[in-house]
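Student: Structure below; questions to follow.
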Amino acid sequence: MDSGAGAEVRDELTGAEPGLFGPGSVTWQVHADPVFPIAGVRALILQALHPLTMAAVAQQRGFDEDSWGRLDRTGRYVSTVTYSPAAQARRSAAQVRGIHRKLRGTDPDTGETFRLDRPDLLLWVHCCEVESFLSTARRAGAPITAEAADDYLREQVLAATLIGIPQEMVPASVAEMAQYFQDVRPELRLTDAARRGVRVLALPPMPKRVRLLTPARPAWAGLAGMAFALLPNWARRLYRLPGLPTTDLAATGAIRALRAGLIALPERFSGPPEVRQARAQIEQQAG
């Protein structure tokens with residue numbers, strides 16, 4: 001699937017300015033899938049295993065103070081880059097680059113200061129996101145072939161370069177992504193900051209009224225638990241969680257059942273407007 005061709009089709013169908021991708025791209029297919037929000041939580045849990053990345057998060061308000069904000073900002077940024085006109089997507093990426101350029105973190109082990117826009121740190125965040133988006137959709141039963149999975153990662157090289165990562169650093173296939181995680185694993189560990197952060201992510205603060213009068217807390221805890229179960233075995237082991245084949249089977253069964261339930265929901269409950277519009281355009285082009 002060619003993202004450029006998809007953008008041209010989008011222009012013909014809607015009269016809107018073409019985006020970076022389009023209804024013919026695998027990016028739209030993956031990002032419009034109903035399980036996309038679960039993949040976003042999985043990505044944050046995975047990201048927390050990089051000590052410098054987690055140190056930067058903890059030193060910039062962190063999960064403790066801003067767990068909902070991080071999820072919301074990440075979701076809105078990915079949505080803008082995916083569905084908005086190209087000029088708007090590039091402006092949004094430039095704003096994020098500008099914010100990162102000004103921020104610094106401190107290595108808790110050495111005391112050295114580091115920039116948050118270091119390409120290797122940006123690459124870690126990018127890879128956790130796109131690998132989570134892709135693997136979660138495929139495990140949930142989305143009809144994404146091995147060839148389409150490679151196409152998705154090739155398309156996402158553009159998203160990576162927008163945020164400031166050199167193109168030659170970015171994995172552009174499933175095999176390259178697997179090799180990236182294999183290479184980076186010696187740098188990963190469960191720090192105290194990561195432990196605190198994911199605890200808040202799993203049980204975020206909620207208003208008392210919401211906590212007591214709605215099922216929001218147990219529902220969220222269940223979704224966060226599913227995101228943990230969808231982690232690769234090596235990541236679950238770092239979190240001191242079971243890494244058994246039965247865990248994989250149970251997680252796959254649960255995410256498939258959840259996707260089937262979400263698909264059965266009335267359209268108005270199936271996601272934000274831009275996602276519903278994207279699905280309609282995907283179906284129109286496929287038809």
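The values are calculated or read from the model by the stated rules, or taken from the named source; none is laboratory data. What you are looking at is a predicted structure, and each value in this text was computed from that prediction instead of being measured. Counting neighbours? That spans all protein chains shown, and the Cβs are built from the backbone with ideal geometry, glycine included.
Student: Can you list residue pairs whose Cβ atoms sit under 7 Å apart, with the first residue in the stretch 265-287 being touching a residue at least 40 places away in the same chain (Cβ under 8 Å) and at negative phi and the second being of a type in the set (A, V, I, L, M) and part of a helix (DSSP H, G or I)? Count only pairs 6 or more apart in sequence or on different chains.
Tutor: So the pair list comes out as SER270/LEU262; GLN281/LEU13; GLN284/LEU13; GLN285/VAL9.
Student: Within the stretch 137-148, does at least one residue satisfy the condition of being under 24 Å from PRO37 (Cβ atoms) and either among the polar types (S, T, N, Q) or in contact with a Gly (Cβ under 7 Å, 6 or more places away or on another chain) (or both)?
Tutor: Within the stretch 137-148, one or more residues are under 24 Å from PRO37 (Cβ atoms) and either among the polar types (S, T, N, Q) or in contact with a Gly (Cβ under 7 Å, 6 or more places away or on another chain) (or both).
Student: Shifting gears a bit: Could we say that GLY222 is modelled with pLDDT under 90 and part of a loop (DSSP other than H, G, I, E, B) here?
Tutor: Against the criterion (modelled with pLDDT under 90 and part of a loop (DSSP other than H, G, I, E, B)), GLY222 does not qualify.
Student: Could you go through the stretch 66-73 and let me know if any residue there is loosely packed, with under 15 Cβ neighbours inside 10 Å, in a helix (DSSP H, G or I), acidic (Asp, Glu) and without any contact (Cβ under 8 Å) to a residue 12 or more places away in the chain.
Tutor: yes
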